[in-house]
Structures are given as structure tokens and as C-alpha cells.
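J.: Below is a structure I'd like to ask you about.
The values are calculated or read from the model by the stated rules, or taken from the named source; none is laboratory data. All values derive from a computational prediction rather than experimental measurement. Ideal geometry is used to build each Cβ from the backbone, glycine not excepted, and the neighbour counts take in all protein chains shown. Remember, those area values only see protein heavy atoms, side chains included, never the ligands or the DNA or RNA. Shrake-Rupley method; radii C 1.70, N 1.55, O 1.52, S 1.80 Å.
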Amino acid sequence: MKFGISTFITDLSTRPAPLGRAIEERGFDSLFIAEHSHIPVDRRSPYPPGGELPDIYYRTLDPFVALSAAATVTERLLLGTGIALVSQRDPIHTAKEVASLDLVSDGRAVFGVGVGWNREEMANHGTDPATRGKLVDERLRAILELWTKEKAEFHGEFVDFDPVYSWPKPVQKPHPPIFVGGGRGAFPRVAELGDVWLANGVPPEVLAPQIEEVRALAGRAVPVTVYDVPATPEAVEGYAQLDVERVLFNLPSDPEPATLAHLDRFAEVAARFR
């Protein structure tokens, strides 16, 4: 089982370059960072875990700028969005951003995707929350065309463009892996468009039947990465028994001294399972 880090990189937390270097030095295989373009002042969508929306949601850096900075000081670390809000993203720009990250990192980009929960945020991008799932699926199909075709075109309900040239193409072939976040509602997206299911903090006893379900639907052994896993031996053991591919420890968005202390503690836990 592999171990990675998930976090929100903000203007108040550890900068991307020293963060990436510290994560790689401690033997973690991946860094996944969250995305929110903005938070509307008049927000009515409830925060999914409940309670007040944490300050980090208001202060996130652009994920592709941050991951590119981390790429310049690392050699092996996978650099992923966890998750990119495709419901709020132009597919042509997004295809270029992911491919550019894959190029500057020599093939280490991971495209973690999701539909999002903040209805007011996505509405400011012109997205109807009621159809965001269909929109995301179309945009992902269009991105795949842009990545894999010299002359790409797409004609759908939400995305429509005649043949275009779009470079660079990704280094990874046929394309960077797509990690699909979400619960059961995302399983058809995993089956059709995903390479990995990114499960968000699902406890092992609940995750086990869901893994069987998504793999049955996809007709293949879909790898599973689990986001937001508590950094304790007891928690990790439960996922190890399920043979998931990777667990991601949630790193608080702190200044560098506290960040390094957290990473040292996480590395001690991971070392027990290597």
C-alpha cells in the first residue's frame, strides 16, 4: 500500500515548493491538493461535514500553479488535484493545464476530479447545479479528446467545438490517470471515464462493499485511493486489509515548522506498513 498527502495549500500555509520537497524526502508517493476558485459571501450550500466552513476554503491557491512549483523541486512525487472542480472549469483550458503540469513534471500529473458541492460557487461559473454531473462527464470526454487526438473536436449538449489543435500533449500515455472522487453517484463516472476511484474518508467497513460494487459496475479491478485517512496505525490497518492502492493523510494547512512536525508523525505511522 502506498502513502500520500492531501491538503489545502493557502496563502498562509507552507509554500508549495518546500512542501513538495518535504513530502518526497519522507517517502510519501503523492501530493493531492484541493481547489476552490472562490467562496461566495452569500453562501447557502451547507458545508458537507457540518458546522462552519473552515477558513482554508477561502484561501486556496490555484492547484496547477501550486503543483507546478512542487514539481520543480521533486523527482518522484505524484502531483494531483484532490479534487479539481470540473463543473467550474473550461475543458480546453483545463486540458492544457493538466498536460502542461505533466510535461514540466516529466509525467507525474494526476487529474483528480469531482462535481463539487458549493452551488453558489458553481453558479458564478455559469453552471446549473442540477445538471453538473452531466456537464462534468461531457467535459471529461472533451478533455480526453484534446489529450489524445492531434485534431480534436467535440459536439455535445454542454461542450461543443470544431476541430482544434491543442498542445502540449501529456507525457503519460494515453493520458494522465483520472482519479474520480465521490460516492455511489460517481460510480458510473468511474466505470466510464476513471482510472482510479478516490474515496473520501469512507471507513473500511463501509468501503469494502462499495469497492465490490464499483468494480462490478466497471467490469475491472478499479484501484482505490482513500482520501482523508486518520494518521493512526489502527485506521491504516483497516484499509491495508482491504488492499487499497493508496491512503492519503490529511495535512493541516499550517506554516512550515508545524507542517514538518505533522509530516514526521505521518511518516512514522506509514513506516509500520512498509
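J.: How do 4-16, 147-159 rank on mean C-beta neighbours within 10 Å, highest first?
T.: Working: 4-16: 21.2, 147-159: 14.8.
Answer by packing, highest mean first, reads 4-16, 147-159.
J.: Okay, moving on. Per residue, what volume in Å³ does the Cα convex hull of the range 124-169 take up?
T.: Values: hull volume 3.5 nm³, N = 46.
That works out to 76 Å³ per residue.
J.: Note down the net charge around GLY185, summing +1 for each Lys or Arg and -1 for each Asp or Glu among other residues with Cβ under 13 Å from its Cβ.
T.: +2
J.: Measure off, as a whole percent, the carbon and sulfur share of the 1.4 Å-probe accessible area of the chain, all protein chains present.
T.: 52
J.: Relative to the present Cα-Cα distance, how much length would full extension add between ARG15 and VAL206 at 0.36 nm per residue of separation?
T.: 65.2 nm
J.: For the range 16-110, what is the charge dipole size about the Cα centre, in debye to the nearest 20, if Lys and Arg each add +1 at the Cβ and Asp and Glu each add -1 at the Cβ?
T.: The calculation lands at about 120 debye.
J.: Sum up the charges of everything whose Cβ sits under 15 Å from the Cβ of ASP162, counting Lys and Arg as +1 and Asp and Glu as -1, but leave ASP162 out. Intermediate results must be reported in sequence, preceding the final value.
T.: Numbers: positive: LYS149, LYS151; negative: GLU145, GLU150, GLU153, ASP160.
Charge balance in the 15 Å sphere: -2.
J.: Spelling out what I want: for every residue of the range 119-125, take phi, set θ = phi - 60°, compute 6.51 cos²θ - 1.76 cosθ + 1.60 (Karplus), and round to whole Hz; glycine and proline get x.
T.: Per-residue couplings from phi come out as 5, 5, 4, 5, 4, 5, 9 Hz.
J.: Right, here's the next one. Dipole magnitude of the chain about its Cα centre, charges +1 at Lys/Arg Cβ and -1 at Asp/Glu Cβ only, in debye to the nearest 20?
T.: Once rounded to the nearest 20, the dipole reads 340 debye.
J.: Using the alpha carbon gyration tensor of the range 160-268, what are the three equivalent-ellipsoid semi-axes (square root of 5 times each eigenvalue), largest first, in whole Å?
T.: 29, 22, 11
J.: Return the calculated 222 nm mean residue ellipticity for the chain, to the nearest 500 deg cm²/dmol, obtained by summing -39500 (n - 2.57) across DSSP H runs with n ≥ 4 and dividing by the residue count.
T.: Rounded to the nearest 500, it is -11500 deg cm²/dmol.
J.: Could you check what % of the DSSP bridge pairs in the range 113-242 are antiparallel, to the nearest 5? Show your work: numbers first, answer last.
T.: Values: 3 of 11 bridges.
Looking only at bridges with both residues in the range 113-242, the antiparallel portion is about 25 percent.
J.: With an 8 Å Cα cut-off and a minimum separation of 6 or more residues, compute the relative contact order for the chain in percent.
T.: With pairs under 8 Å counted, the relative contact order is 21 percent.
J.: What net charge is computed for the residues neighbouring SER68, neighbours being all others with C-beta under 13 Å from the C-beta of SER68, Lys and Arg scored +1, Asp and Glu -1?
T.: Details: positive: ARG15, LYS96, ARG108; negative: ASP62, GLU97, ASP102, ASP106.
Here the count lands on -1.
J.: Turning to a different aspect of this structure: I need the shape label for the range 17-59. Rule: rounded when a/c is under 1.5, else prolate if a/b > b/c, else oblate, with a, b, c from the alpha carbon gyration tensor.
T.: Judged from the Cα gyration tensor, the range 17-59 comes out prolate (a/c at least 1.5, a/b above b/c).
J.: Further, regarding this structure: Read phi for every residue in the range 17-26 and hand back ³J(HN,Hα) as whole Hz from Karplus 6.51 cos²θ - 1.76 cosθ + 1.60, θ = phi - 60°, with x for Gly and Pro.
T.: Result, ordered by residue: 5, x, 5, x, 4, 5, 5, 5, 4, 8 Hz.
J.: Mind checking which of GLN241, GLN88, GLN172 has the largest fluctuation in a GNM of the chain, springs on alpha carbons under 10 Å?
T.: Residue with maximal mean-square fluctuation among GLN241, GLN88, GLN172: GLN241.
J.: Order the following by accessible area, largest value first: ASP106, ASP42, ASP90. Probe radius 1.4 Å; ligands, DNA and RNA are ignored.
T.: Per-residue accessible area, sorted high to low, gives ASP106, ASP42, ASP90.
J.: Could I ask something else about it? Modelling each spin label as a point 7 Å along the Cα-to-Cβ direction, I'd like the ASP55/ASP128 distance in nm, to one decimal.
T.: Modelled inter-label distance: 3.9 nm.
J.: ARG119 accessible area, nearest 10 Å², 1.4 Å probe?
T.: Roughly 110 Å² of ARG119 is accessible to a 1.4 Å probe.
J.: So, one more: Taking semi-axes √(5λ) of the Cα gyration tensor in Å as the quantity of interest, determine which of (1) 46, 21, 19; (2) 28, 21, 21; (3) 30, 24, 20 was computed from the displayed structure.
T.: It is the one labelled (2).
J.: Moving to a separate point now. Where does each of 225-232, 163-170, 29-36 land if you order them by average Cβ count within 10 Å, highest first?
T.: Ranking the peptides 225-232, 163-170, 29-36 by packing returns 29-36, 225-232, 163-170.
J.: If a/c stays under 1.5 just call it rounded; otherwise compare a/b with b/c (prolate if a/b is bigger, oblate if not). Do that for the range 22-179, with a ≥ b ≥ c from the square roots of the Cα gyration tensor eigenvalues.
T.: Values: a/c = 2.36, a/b = 1.08, b/c = 2.19.
It comes out oblate by the Cα gyration axes.
J.: Could you list, in their original order, any pairs among LYS149/LYS173; LYS2/LYS169; LYS151/LYS173; LYS96/LYS149; LYS2/LYS96 whose Cα atoms are separated by more than 21 Å?
T.: Where the Cα-Cα span goes over 21 Å, the pairs concerned are LYS2/LYS169; LYS2/LYS96.
J.: Would you kindly find the accessible area of GLU234, with a 1.4 Å probe and non-protein molecules such as ligands, DNA and RNA excluded, rounding to the nearest 10 Å²?
T.: The accessible area comes out at roughly 140 Å².
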